[in-house]
Amino acid sequence: MTKGLAREGFDKDLLFGQAREDAFMRTLLGGAYIEHKADEKARETGNLCIEFETSSLPNGFGQKTPSGISVTQASRWAQEFDDGCWILVPTVRMLGLVNSSWEVWGGDNNRFHCALVKWTHLLRPPKDKPSNSNGQMTL
């Protein structure tokens with residue numbers, strides 16, 4: 001607990017923070033349907049491998065069927081990228097990233113068509129991040 005006078009605007013920041021905490025808990029515990037996937041290579045590659053299609057034969061040959069993120073009914077996509085570490089994003093946002101990402105065939109017998117989504121693509125850089133006189137971003 002902080003002692004003394006709070007800075008101007010603290011009450012608004014506190015209410016905003018509490019509202020976002022509530023939204024996060026409602027996403028995790030209430031009504032949101034979450035699709036969960038684990039990616040054991042993500043920590044090494046810097047990519048999340050998101051399945052969107054399968055083929056009946058190796059290397060993309062044979063009949064192809066939508067799968068993974070293409071067919072999920074989940075409102076949120078959770079991907080474990082390291083032991084006990086997940087990202088949680090709206091499925092719609094992940095679909096947008098999948099549609100603009102590099103594609104590979106992989107998995108068992110190379111039957112799974114996947115998008116490689118870079119972790120950095122999940123972040124939106126600030127539009128007006130200040131920089132110092134050297135043009136470097138400041139924290």
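Quick look at the values:
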{"item": "Extension gain (nm, one decimal) between Trp86 and Asn99, 0.36 nm per residue minus Cα-Cα", "result": "2.6 nm"}
{"item": "Along principal axes, Cα extents of segment 33-122, largest first, whole Å", "result": "35, 29, 22"}
{"item": "Ordering of 118-124, 95-101 by burial proxy (mean other Cβ atoms within 10 Å per residue, highest first)", "result": "95-101, 118-124"}
{"item": "Order of Met25, Met94 - criterion: other Cβ atoms within 10 Å of each residue's Cβ, fewest first", "result": "Met25, Met94"}
{"item": "Surrounding net charge for Thr65, when Lys and Arg each add one and Asp and Glu each subtract one, Cβ distance under 13 Å", "result": "0"}
{"item": "Per-residue ³J(HN,Hα) for segment 92-101, Karplus 6.51 cos²θ - 1.76 cosθ + 1.60, θ = phi - 60°, Hz, x for Gly and Pro", "result": "4, 5, 5, 4, x, 5, 4, 5, 10, 10"}
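Read-outs throughout are calculated quantities, based only on the coordinates presented, and are distinct from any laboratory measurement. Bear in mind that the values here come from a model prediction, so they are computed numbers and not experimental data. No Cβ is skipped: glycine too gets one built from the backbone with ideal geometry, and neighbour counts run over all protein chains shown.
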